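I have placed the structure first, in the form of structure tokens, so that the comments after it can refer back to it.
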Amino acid sequence: MHKSIWLSGLVFMAAARCAGADEAVAPAPTVSPQAVAEARTVCETDIQKLCPGVQPGGGRILACLKQHQADVTDGCKQAVTKALKPAS
């Protein structure tokens with residue numbers, strides 16, 4: 001269940017990045033499921049270490065990782081960035 005919630009958070013954050021504060025939220029761009037799965041795997045230790053009490057869903061895990069971006073591993077940063085890019 002945790003993995004599917006992580007995916008939902010990534011999609012939610014991607015949609016939020018596409019919309020301005022005064023605009024309606026645009027449909028989420030298509031993200032690569034492979035890149036999302038990779039981010040989930042690469043960031044698992046960071047999530048456990050930095051965000052242990054954060055309830056998954058609604059982009060909370062990504063917000064936590066962003067809040068702790070100075071402490072997140074480089075691999076996790078790169079994987080999340082890649083996962084949030086629209087699939088081509």
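Maximal additional length on extending the Gln34-Lys85 stretch stands at 17.2 nm, based on 0.36 nm per residue less the C-alpha distance. Residues in segment 61-75 carry Karplus couplings, in order, of 5, 5, 4, 5, 4, 5, 4, 9, 4, 5, 9, 6, 5, 4, x Hz; the curve used is 6.51 cos²θ - 1.76 cosθ + 1.60 with θ = phi - 60°, and Gly or Pro positions show x. Working ranking of peptides 47-57, 61-71, 76-86 by packing, defined as the average number of other Cβ atoms within 10 Å per residue, highest first, is 76-86, 61-71, 47-57. The alpha carbons of segment 40-88 occupy a box of 35, 23, 18 Å along the principal axes, longest dimension given first. Amide H to amide H distances under 5 Å link Val31 with Ala87, where only residues 5 or more positions off or on other chains count and H is placed in the peptide plane. The H on the amide N of Gly59, modeled in the peptide plane, is under 5 Å from the matching H of Gly9, each at least 5 residues off or on a different chain.
Values in this text are rule-based calculations from the coordinates and carry no lab data. Quick caveat, the model's predicted, so the values are computed rather than measured. Cβ coordinates were reconstructed from backbone atoms using ideal geometry, including for glycine residues, and neighbour counts include every protein chain displayed.
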